[in-house]
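Okay, structure first, notes after.
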Amino acid sequence: MIAQNVVFWILAVAMVLAAIGVVRSNNLVHAALYLVVVLAGSAAQFILLAAEFVAWVQVLIYIGAVIILFLFGIMLTRAPMREDLSLDNDQRLAGAVVALFLLGVLSTLLIQAFGDSKIDITGPQGSELVNNGRAGTLAESIFSTYVLPFELVSILLLASLIGAVVLARRD
Amino acid sequence: MMNFAWLIPAIPVVSFALILFFGKKMPRQGSEIGIAAIASSFVLSCIVAVQWIQRVDETVSEHGLGIVRAIGKGLLANPEQGVAITPVINTVEWFRIGTLEVAVGTQIDGLAVMMLFVVTLISLLVHIYSTSYMHGDVRYTYFYAALSLFTASMLTLVVAPNTLQLLLGWELVGLCSFMLIGHWWEEKENTNAALKAFLTTRTGDIGLMIGVIVTFFAAGQTFDIVQINVLALEGHGGHTIWMVGASCLLVGIIGKSGQFPLHTWLPDAMAGPTPVSALIHAATMVVAGVYLGARMYGVFWQGFSIEDGGVNPMALVGGITILIGAALAFVQDDIKKVLAYSTISQLGYMVMALGIGAWVGAVFHLFTHAFFKALLFLGAGSIAHSGSHHSFDMKKDMGGLRKHMPVTFWTFMVGSFALAGIFPLAGFWSKDEILATAGQGGYEIFMVVGLVGAFLTAAYMTRCVWLSFFGEYRGHADPHESPKPIIIPLIVLAVFSVLAGLANASAFGIEKFKEYIEPHGEAFPEVLTPQFDVALAALSFAIVVIAIGIGGFFWVDRRELRALKGLTDRSGAAKAGHSFLMNKYYLDHLYERGIVAGIKGPIARAAYWLNQNVIDGVVNAAGRGSAALGRLTYRFVDQDVVDKAVNSIAQETGNVGGLLRYVQSGRVQRYALMLFGAVGVLALSLVIFS
Amino acid sequence: MVAQFLVLAAVLFCIGVYGVLARRNGVLVLMSVELMLNAVNINLITFSAYLRETSGQVFALFVITIAAAEVGVGLAIVLLIYRNISSPDLDQLDQMSG
């Protein structure tokens, strides 16, 4: 339990710092790399929560595919790499106020509601948890209960693929 | 077959989709699909009509009309003894909210059957007519697709068993008329006309929507029209709520059926192609309002206490509309506009008839009017197509067309006489029915209004016919008779214009409308059946003849009437009257300058003032802190100082002010900022208040 | 124990909100959106563990898939914006300004 907590806090601090890096960095490529840190951190958090398969998907798809996509986006829009040019607009302060306000409301609510809740990861319940995170269990769920949403998502992917091609095509 | 009546609106819907997707590839560019679909709908409508008549006949011959009515009203001690003539209702569940089930389906009764027949017939003729009239149009296929959808929407409305489906059809009809009025959208004028039609009717639609909601609650949470009517007649829940419901529904009728004061869109809607005008004025769109009145008659009967006589809002609106519509028709040079104002006036008759309890008269007039008004519009289109080189100006481009276009001339004459109410053409019978009911039902004043309207109608139609067909040809085209697809619908409609009135020719004891169309049951009030009044009929006929005589005298014999002709130039009063009419009572001015500008201007200015003064002021106050309080009043007055101060304040402070200042910045992130802020505030208030 | 994961997610979410609001570059805005989506995923997984339900993880998978689709279309839009106004900056897109 303590080991899990220690790992959690190390990861959490790293993730928050990297997330701040994403939104404050003045270099697009750096921002993308910070994003990798955040995403990898959350993959590690998933493992802490015994969601093994989702963690791997997170690494493969998010870090593998999405970040590459972002880097392509950065290259194609030939964004300035100079540090002196601000990448922020003129509502930094207002944005910060709104974000902090939201954070205050959200965290108060969450701590009020779930302050005492525990996740039991020892004993039989722990092994159930680990079993829940396995690819086989998830596959059963996806292909029985959620088979229709799954098909819908595949159609959505196809549609967005075509949409992206149509949008980005030069003609 | 009555159980398969859903096919009637479904076929045009399918044809709409087919024309849209495959129309361009067809040899006749999709028109054949439209015509085939409407023709089959028409055939089905006829079958349904025949079956309805058989159903009524069977029930009546089994039990006798008196008993059928008595059972319908629940007056008979033992209802099992016989069957009332109830509508044939077929529904399927549309959706369900809690325990409330909303259905779609068909309700076939006399009124629906009559409307189905009229709508499909007129639409079929318009479809055929358009093959020639719209030939070579850039959006020919699209035009046919829209026509199909238009017809389908109207049919959906007609068979609606509940107010929600009715509302659906109603809105679809509005949308389609927008598409068709703006068919030639390349010209700004047409787009404006389409927008005006759409927005004006939308104004009325708000009334309808509220009315639907009010009747929903008044009738104990049901959209079912039969049930609403039954409960309305019982006075369920008190008279007041039905009055509110009826008033709201009346606003819907005013908007859709071009009643005073929302009639201004109808003449502008002439910007659409002529076949569309014919369809809008005769069978779809504008009659939807009257149909609503007839369909939900129980609500109006109860809400406006129609039985009591006197004056009620519905009759009043109709009466005013008769007179102003007819008066405006005199000063138009555009033949289509004459007909448009004439439609307004005739719709006034129908609404007034509903208001004074002449249900049969209203529905009968709707029936006959559909034929002769479609005939007149298509006739005007025929003139423009082949006689006046696409112009509708009677004074500049017409005249003397009698010799060149004999068929158009004779059919137009038939339509005009029918409209004016010459015995024994269609208009005479329906108008007489309304006038007789008005006279015998305690609404004498509206009988007088109706007679004055009849006089005006006959007079302006004389003017219209004279200017278009008599005298010397003033145009620059080579007038000739129109091709067959145009002529044939004209002849068919002319035949109906002559004969349709005989369906309810009370003088000869034929009362088919009374027998088959009027509902018998507890969902319908006991309306007055007027006795045929020879004196009244003779009077109205005489008035019409005199009006034609005076009209002829005034416009035909120009030379001898020069003194009168120059009246508008010399007499101040006459001139003022003329320009008052020319400017359509200045209602458009009132709407555009008064209401639109009145709302847009002050609100925009107020918002600007708020922006410039209050919000900037708040920004400054925040920036400078409490010390700025003294200077604040000064800055309110002096714009320069305010601007300078704003510039001098730190950028970040300005951004906080920007929360409100740039509400309409057009930048998506500003909107996102407000969105997230609002979400936070809402969440917080939920936490606090729950 | 549950709360700490949830609060971490909330922090990431709000940082994402800040990024969406304050970043000028379209690509960076999309990255911030990814931060927010990722926060949602952490929430889903946490509740999945807390309630011993696989559904949460399935939904996280769906979110990841849809996020991938969203990035694809989003970057195409940014590309289009870039091509039209020669800049990936969203605050220059104020043609709808009132």
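The values are calculated or read from the model by the stated rules, or taken from the named source; none is laboratory data. Nothing here was measured: the structure is a model prediction, and the numbers come from that model. Reconstructed Cβ throughout: ideal geometry from the backbone, glycine too, with neighbour counts over all protein chains shown. Quick note on the areas: whole protein, heavy atoms, side chains included, nothing else; ligands and nucleic acids left out. Shrake-Rupley method; radii C 1.70, N 1.55, O 1.52, S 1.80 Å.
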Note down the accessible area of B:I53, probe 1.4 Å, to the nearest 10 Å².
70 Å²
Apply the Karplus curve 6.51 cos²θ - 1.76 cosθ + 1.60, θ = phi - 60°, to the phi angles in region B:421-429 and return the couplings in whole Hz, x for Gly and Pro.
x, 7, 5, x, 6, 4, x, 4, 5
Helix C:26-51: angle to the longest alpha-carbon principal axis of chain C, degrees 0 to 90, nearest 10?
10 degrees
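Tell me, what % of the accessible area of chain A is carbon and sulfur with a 1.4 angstrom probe? Don't skip to the answer; put the middle values down first.
Details: 6740 of 9250 Å².
Here it works out to 73 percent.
Rounded to the nearest 100 Å², what is the buried accessible area between A and C, both sides summed, probe 1.4 Å? The partial results should precede the final answer.
Values: alone 13190 and 6890 Å², together 13130 Å².
In total, this chain pair buries about 6900 Å².
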If you plug each phi of region C:7-24 into the Karplus form 6.51 cos²θ - 1.76 cosθ + 1.60 with θ = phi - 60°, what whole-Hz ³J(HN,Hα) values come out, in order, with x for Gly and Pro?
5, 4, 4, 4, 4, 4, 4, 6, 4, x, 4, 4, x, 4, 7, 9, 8, 8
Heavy-atom accessible area per residue, region B:359-582, 1.4 Å probe: how many Å²?
40 Å²
Computed from the beta carbon distance with a Förster radius of 60 Å, FRET efficiency for B:L7 and A:V13 to the nearest 0.05 stands at 0.30
Using a 1.4 Å probe over the heavy atoms of the protein chains, calculate the carbon and sulfur portion of the accessible area of region C:2-88 as a whole percent.
70 percent
Keeping all protein chains in the complex and leaving out DNA, RNA and ligands, what accessible area do you get for A:V36 with a 1.4 Å probe, in Å² to the nearest 10?
40 Å²
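If the limit is 21 Å between Cα atoms, which of B:K403/B:K431; B:K373/B:K403; B:K24/B:K373; B:K396/B:K484; B:K256/B:K337 go over it?
Working: B:K403/B:K431 32 Å; B:K373/B:K403 23 Å; B:K24/B:K373 32 Å; B:K396/B:K484 27 Å; B:K256/B:K337 18 Å.
Pairs exceeding the cut-off: B:K403/B:K431; B:K373/B:K403; B:K24/B:K373; B:K396/B:K484.
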Using label points projected 7 Å from each Cα along Cα→Cβ, tell me how many nm separate B:K396 and A:I20, to one decimal.
7.6 nm
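Report the extension gain between B:S685 and B:A542 in nm, rounded to one decimal, defined as 0.36 nm multiplied by the number of residues separating them, less their alpha carbon distance. Present the calculation step by step, with values, prior to reporting the outcome.
Working: separation 143, 0.36 × 143 = 51.48 nm, distance 7.45 nm.
So the extension gain works out to 44.0 nm.
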Solvent-accessible area buried by B and A, counting both chains, probe 1.4 angstrom, square angstrom:
1300 Å²
Accessible surface, 1.4 Å probe, highest first, among residues B:H239, B:H365, B:H476:
B:H476, B:H239, B:H365
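Can you give me the accessible area per residue for region C:2-88, using a 1.4 Å probe, in Å²?
Details: 2170 Å² over 87 residues.
Result: 25 Å² per residue.
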Can you list the residues, at least 5 places off or on another chain, whose amide H is less than 5 Å from the amide H of B:A505, using H built in the peptide plane?
B:I510, B:K512
Counting only protein chains, not ligands or nucleic acids, how are A:W9, B:W184 ordered by accessible area (probe 1.4 Å), most first?
A:W9, B:W184
Tell me, what ³J(HN,Hα) does each residue in region C:61-71 have, in order and in whole Hz, if you take phi through Karplus 6.51 cos²θ - 1.76 cosθ + 1.60 with θ = phi - 60° and put x for Gly and Pro?
4, 4, 4, 4, 4, 5, 4, 4, 4, 5, 4
